[in-house]
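Novice: Can you read through this structure? Questions will come right after.
A short reminder: the numbers here are calculations on the coordinates, not readings from a lab. Since the structure is predicted, the reported quantities are computational estimates derived from the model, not experimental observations. No Cβ is skipped: glycine too gets one built from the backbone with ideal geometry, and neighbour counts run over all protein chains shown.
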Amino acid sequence: MTKRTEISEIGEFGLIERLSQQIDIKHPSTVKGIGDDAAVISHGDLMQVVTTDLLLEGVHFDLSYCPLKHLGFKAVAVNVSDIAAMNAIPKQITVSIALSNRFPVEAVEELYEGINMAATHYNVDVVGGDTTSSRSGLVLSVTALGETSKELLAYRSGAGVNDILCATGDLGAALIGLQVLEREKQVFLANPDMKPDLDKYSYITGRQLRPEARMDIIHELRDLQVVPTSMMDISDGLASELFHICKASDVGVLIYEDKLPIDKQTYDTAVEFGIDPITCVLNGGEDYELLFTIRQEDFQKLEKHPDVHFIGHVTPASEGKFLVTKSGTAVELKAQGWKHF
Ligand code: ADP
Ligand code: MG
């Protein structure tokens, strides 16, 4: 009898790792396959990067509070974010959709309004896709293609000991924004006459519904002539992404709680929900900020950047992965299931 292994036993990353062992690379032009934010394909001096994401109704989005236009924008933005994470510039996207008969033509047009808005915003061309029917709900998949040069490419694997760890923007807002949207949905379901008052939470709900890929940072890094030694986007929570960088680069990290960027609305709302704000920062998903490492000598070039935060530094792998709390204690980082100290 063949053995049955539950996917939950090995997890998403375990599954991908197991599948990648069965895959062999046949072409020298395939510079990087599975294992980074995007694959890298060489066309002489030009490096093309490719990434894809799949979004399912009921799993990744809830149309009762996520307008179709926002969903279209977000589906493009999250792919552009993975292109940015390679230090590349996005150029083209393809869009594939599966629709149940619940959706009229107007709904699909609304979705495309958001897709087209994002295509304009990120300066990418929609060059194709696929359309098919679905038994239930909406399925949306976007593939993005981008370009960069070999010298500018940033993998997860290039972090060196003593490099400075940088994170852009602020973290944890999208997760706590989702908590607010879920709560208001329950209130509305219980009493449809109640109009949700979301003004107070506009920043964090906006971060959940309409994330921004940090292409601005990619252009600024180029202007400042800073090439990150490693980079990835923060889509699954800072702690989890730090583990990816550490594994790919064979290094450790030391980060400081008081350096972690958190917005005031995120902080206050986390407290309101009885969630430790630091948990949101470390384990919140869907921030789509950038996590990268730079050489010490590049520090001055970025020192005054208002939206780049220096959260710690890279250590030898043997020193592990630690967070120094505000009180000065070093706590071992956990990729998931962060508990109070
Ligand atoms: P990200 O969060 O940056 O989108 P993922 O965690 O989704 O990255 O994927 C990690 C790596 O695994 C990527 O290189 C991705 O292309 C690859 N990958 C994910 N799912 C599959 C799959 N079913 N088959 C082959 N490669 C996959
Ligand atoms: Mg990514």
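Novice: Go ahead and estimate [θ] at 222 nm for the chain from helices alone: -39,500 (n - 2.57) per DSSP H run with n ≥ 4, summed, over the residue count, rounded to 500.
Specialist: -10500 deg cm²/dmol, from helical runs alone.
Novice: Order of S134, S149 from fewest to most other C-beta atoms within 10 Å?
Specialist: Starting with the residue having the fewest Cβ neighbours, the order is S149, S134.
Novice: Got a sec to turn the phi values of the stretch 90-95 into Karplus ³J(HN,Hα) couplings, 6.51 cos²θ - 1.76 cosθ + 1.60 with θ = phi - 60°, whole Hz, x for Gly and Pro?
Specialist: x, 10, 9, 9, 10, 10
Novice: Taking 29 Å as the cut-off for C-alpha to C-alpha distance, list the pairs among K32/K69; K200/K301; K195/K264; K259/K301 that go past it.
Specialist: Over 29 Å Cα-Cα: K32/K69; K200/K301.
Novice: Related question: Once fully extended, how much extra length lies between D45 and N162, figured as 0.36 nm per residue of separation less the alpha-carbon to alpha-carbon distance?
Specialist: So the chain would gain 39.1 nm between D45 and N162.
Novice: Is the C-alpha gyration tensor of the stretch 164-332 telling us rounded, prolate or oblate? Criteria: a/c under 1.5 is rounded; beyond that, a/b larger than b/c is prolate, otherwise oblate.
Specialist: It comes out prolate by the Cα gyration axes.
Novice: For T329, T205, which order do you get if you count the other beta carbons within 10 Å of each Cβ and list the fewest first?
Specialist: Listing T329, T205 from fewest to most nearby Cβ atoms yields T329, T205.
Novice: Ok, one more. Which whole-Hz couplings ³J(HN,Hα) result when phi for each residue of the stretch 255-261 is put into the Karplus expression 6.51 cos²θ - 1.76 cosθ + 1.60, θ = phi - 60°, listed in order with x for Gly and Pro?
Specialist: Going residue by residue, I get 10, 10, 3, 6, 9, 6, x Hz, with x marking Gly and Pro.
Novice: Please list, ordered by chain and number, the residues whose modelled amide H lies under 5 Å from the amide H of E147; skip anything fewer than 5 residues away on the same chain.
Specialist: Excluding prolines and chain starts, which carry no amide H, the hits are V49, I89, K91.
Novice: So, with +1 on the Cβ of K and R and -1 on the Cβ of D and E, and no other charges, what is the size of the charge dipole of the stretch 255-341 about its Cα centre, to the nearest 20 debye?
Specialist: That gives a dipole near 260 debye.
Novice: Based on other C-beta atoms within 10 Å, arrange K74, K69, K334, K3 from fewest to most.
Specialist: Ascending number of Cβ neighbours within 10 Å: K3, K334, K69, K74.
Novice: Then there is this: Would you kindly derive the ³J(HN,Hα) couplings of the stretch 186-203 from the backbone phi angles with the Karplus curve 6.51 cos²θ - 1.76 cosθ + 1.60 (θ = phi - 60°), listing them in order in whole Hz, with x for Gly and Pro?
Specialist: After applying 6.51 cos²θ - 1.76 cosθ + 1.60, I find 5, 4, 5, 5, 6, 8, x, 7, 6, 8, x, 9, 9, 3, 4, 10, 4, 5 Hz.
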